[in-house]
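See structure below.
Just so you know, all these numbers are worked out from the coordinates, no wet-lab data involved. Predicted, not measured: the structure shown is a model, and the values here were computed from it. A quick note on method: Cβ atoms are made from the backbone with ideal geometry, for glycine too, and the neighbour counts reach across all protein chains shown.
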Amino acid sequence: MTEGFFDVGLLHYLILALVLFIVGMLGVIVSRNMLRIVMSLLVVSIAVVINFLAFGSFCNSTLKYANIMCILITVMTVLQITGAFALFLKVYHANEYLDVEKIKDKEN
Amino acid sequence: MVNAEAVYFYIYALILIVSAVGVVFSPRMFLSFCAFFCTLLFSSCIYGLLNAGFMALFQFILCGLFLCIMLMLILKKITIWTLPLKVASVRKIVLSSVALVIFGIFSYLYVSFEFGGVIGEFFDFIKEKSVDIVDFSDFMFSIHLVIIITLVMCVMLRNIYLTKNNTEETDD
């Protein structure tokens with residue numbers, strides 16, 4: 001872990017993943033538009049994938065496991081997001097907006 | 001001597017972070033969408049730097065092309081392509097950032113104690129184990145826990161906001 005500024009190592013990738021993770025989580029917390037929340041979740045997913053690949057790439061014999069897990073994560077995320085978009089279309093046609101708080105107010 | 005890989009890493013990382021911030025804080029939906037596409041594109045570049053070219057190609061085709069085209073069609077269909085998106089109030093952003101930083105410190109301490117290292121040296125366990133053939137799931141376990149706890153915390157924070165600030169400003 002003694003890489004200099006121009007020697008990119010595991011720590012650099014982990015810090016990048018951490019920053020992306022925090023930005024994505026911030027997006028999930030502060031956004032009120034459903035589409036933006038889902039896009040923020042994909043940013044979180046990218047951070048997790050970078051984390052896996054960094055561990056896999058910098059540890060011996062684990063890159064193939066990391067690749068398999070990342071493909072699984074990506075496919076699952078895309079499937080979930082596709083389902084979410086289908087639901088959003090229904091919600092938008094029913095309410096004419098995608099604001100989570102307005103929808104919750106309407107439910108109450 | 002400057003390493004070319006390092007230069008690529010810093011360029012890609014900077015663009016990736018800026019794009020991710022753009023996804024969350026852009027004022028218009030189409031800007032958010034463009035930032036989203038850039039995030040996917042440059043994360044694929046980062047995967048390429050990590051010797052995972054197949055994964056990079058896979059994500060770019062699946063997310064960058066398939067998902068973005070689908071999202072674009074949906075945005076056009078429900079005519080919110082130029083929807084103005086107000087950024088949440090400063091108080092919320094500051095509170096959430098503070099909560100996430102506190103959470104980050106706690107997760108840092110947790111991982112540190114979990115692996116018995118001194119604070120600031122907890123990544124040493126990777127260096128030690130990487131000499132041998134490692135069971136990948138062994139040391140990813142604690143990270144999984146951290147991710148799950150973060151998601152739970154996000155849900156809790158959202159619920160707190162929804163119950164306390166129902167009458168605050170509307171977004172879109």
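Peptide B:39-46 has a mean of 4 when you count, residue by residue, the C-beta atoms of other protein chains within 10 Å of its C-beta. Sorting the segments B:44-57, A:64-77, A:14-27, A:45-58 by their residues' average number of neighbouring beta-carbon atoms within 10 angstrom, most packed first, yields A:45-58, A:14-27, B:44-57, A:64-77. Note on chain A: Rg/Rh from C-alpha atoms, Kirkwood Rh, equals 1.13.
Overall size of region B:4-77 from C-alpha positions, given as principal axis extents largest first: 42, 25, 13 Å. Net charge in the neighbourhood of B:A35 (other residues with Cβ under 12 Å of its Cβ; Lys, Arg +1, Asp, Glu -1) is +2. Are there DSSP H segments in chain A that both extend 24 Å or more along their axis (alpha-carbon positions) and score a mean Kyte-Doolittle hydropathy of at least -0.5? List them, or say none. Correct list, ordered by number: A:10-30, A:34-58, A:63-95. Of A:K104/B:K92; A:K64/B:K92; A:K106/B:K76; A:K64/B:K77, which sit over 29 Å apart, Cα to Cα? Over 29 Å Cα-Cα: A:K64/B:K92; A:K64/B:K77.
Take peptide B:47-56, look around each residue's Cβ out to 10 angstrom, count Cβ atoms belonging to other protein chains, and average those counts. All intermediate terms of the calculation are to be shown ahead of the outcome.
On the way: counts 7, 0, 5, 14, 7, 13, 1, 3, 11, 1.
So the per-residue partner count for this stretch is 6.
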